[in-house]
Ligand SMILES: *Cc1c(COP(=O)(O)O)cnc(C)c1O
Ligand SMILES: [Zn+2]
């Protein structure tokens, strides 16, 4: 797949790498991926017929070099459902619901998480930070578990406890920040900066925008199959795309999808965009209605719909405003009560139970139809996302969350930030070296460690490399395979025990091999524990690890 990253401010082109988050020339963080549209425009349509309906069917248009099917949970390819009853009620017969609840973690964030995690995996990145109003972190957490990526999820205290538990259920660290979502993002960002960790950049994340655009491709393709192909183009476009927004990443990505299809000649127009916000936190709607070029932030959001509580949209507003205006769309806001009512109507009339944030989109649809902005003959697609399953508290046990109070009486915001940060985690975690030649086994051990405790994990893929690593880093614990090229585990142990600095480092031998009596004798007294590979599933392994690094 060939693609390149273009700076939206200065036009400079640079290759893609997930950790480089700004333009090397002008430092702008607003960039986007470009592909060979000439070629893809001609070749991809014929290939699609044979592909299954996941977002990877458009992989030539995604910033991933080698899509890795083993990370997939079946993201994308959600149904486009005609809302017959709602259509009758509203006198607008062509309302379609893009049912993003049917993603692996029940929100459209699954697209973002699957593509971003695929990019991180491809770049060899194994740890990341994300600030979230809930759904992003749930989805990242699920994909991170498959990919062996450790996730630090920073959420605000308004996120419902069931969602926090769901994040934790997939084995990620949950850090609850008692403060606004904007403060939560600050702590996350400072944490990532200090530890040099990859950080999700919201709407500025290239993989996220690219992932979201697959919604547009699917809508056009699906609408064509239900309404029949248009005369002059490959696919059909609806008249409206309606979505509840927080930071605006969804519509930014979806717009890019339609724009690309238009550029390739697959569709002849871009639908009108209708981003909907909750009244208590509607900086974009209010700024648009006043005709402002820059959004005025809402400092203390007053909505119970925490999923949509981005108070400061920053430049996302400027881009989105351009798209809404050029597509003939409209921003709109609705009250929490209207959103809850719409949610109930949707469930009662269409059998679709969504979370309140999706209720906002439907309440916005009702309002725009009533105001005559959306006409009765228009074809409308509403993004319906968010439906979460509760994780029972008893599954998780204790200590699955860090509870950070953003101090209210500090002298300066900087002091507040530092004090909040110091509550997240200690400076230094116990170091564990995994010396193992099979990549899959290393990933498994890393994942078990990542998901249940905080460790700095070091890895080596053979005995010689492992010995160097141990002598250099002096870890608190070594997890060692026996059968390895270059130097086997027995030789590593002998070398460790021969030197005073490394003689007392505890070693857990993890092996798939049946040991002979002679081998057992060689290990006896030299190691702290012996694990057969099947033992990893039981809790003993972690208890062993925790006991040894005391
Ligand atoms: C994230 C989210 C939104 C808002 O998405 P943005 O496009 O990032 O503004 C809306 N509804 C639900 C259910 C979400 O999870
Ligand atoms: Zn630039």
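Bear in mind these aren't lab numbers, they're just calculated from the coordinates by the rules spelled out. This is a predicted model, so every value here is computed, not measured. Positions of Cβ are backbone-derived with ideal geometry, glycine not excepted, and every protein chain shown enters the neighbour counts.
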(request) Subtract the Cα-Cα distance of residue 501 and residue 373 from 0.36 nm times their separation in residues, and report this length gain in nm to one decimal. (result) 38.6 nm
(message) Taking the Cα centroid of segment 257-332 and of segment 479-519, what is the distance between the two, rounded to the nearest whole Å?
(response) 59 Å
(request) Give me the angle, in degrees from 0 to 90, between the Cα long axis of helix 356-370 and the longest principal axis of the Cα atoms of the chain, rounded to the nearest 10. (result) 10 degrees
(request) Quote the relative contact order of segment 292-421 in percent (integer), defining contacts as alpha-carbon pairs under 8 Å separated by 6+ residues. (result) 15 percent
(message) Tell me the relative contact order for segment 431-548 as a rounded percent, counting alpha carbon contacts under 8 Å between residues six or more apart.
(response) 23 percent
(request) Would you mind computing, in nm to one decimal, how far apart the modelled labels at residue 411 and residue 2 are, each placed 7 Å from Cα along Cα→Cβ? (result) 5.8 nm
(request) Would you kindly state how much longer the chain becomes between residue 269 and residue 231 on full extension, computed as 0.36 nm times their sequence separation minus their alpha carbon distance, in nm to one decimal? (result) 12.3 nm
(request) On a 0 to 90° scale, report how tilted helix 37-48 is relative to the longest principal axis of the chain, with both axes built from alpha carbons and the result rounded to the nearest 10. (result) 80 degrees
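Where does each of 524, 106 land when they are ranked from fewest to most other beta-carbon atoms within 10 angstrom?
Lowest count first: 524, 106.
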(request) Provide the FRET efficiency to the nearest 0.05 for the residue 289-residue 340 pair, computing r from the beta carbons and using R0 = 25 Å. (result) 0.60
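Which value does Rg/Rh take for the chain over its C-alpha atoms, Rh per Kirkwood?
Rounded to two decimals, Rg/Rh equals 1.02.
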(request) Determine the calculated [θ] at 222 nm for the chain from helices alone, applying -39500 (n - 2.57) to every DSSP H run no shorter than 4 residues and normalising by the residue count; nearest 500 deg cm²/dmol. (result) -12500 deg cm²/dmol
(request) Report, largest value first, the span of the C-alpha coordinates of segment 44-130 along each principal axis, in whole Å. (result) 52, 37, 17
(request) Compute the convex hull volume of the Cα atoms of segment 431-548, divide it by the residue count, and report the result per residue in Å³ as a whole number. (result) 94 Å³
(request) Among DSSP beta bridges lying fully in the chain, give the percent that are antiparallel, nearest 5. (result) 15 percent
(request) Determine the relative contact order of the chain: mean sequence separation of Cα pairs under 8 Å and six or more apart, normalised by residue count, in whole percent. (result) 12 percent
(message) What is the angle, in °, between the Cα long axis of helix 181-195 and the longest principal axis of the Cα atoms in the chain? Nearest 10 is fine, range 0 to 90.
(response) 30 degrees
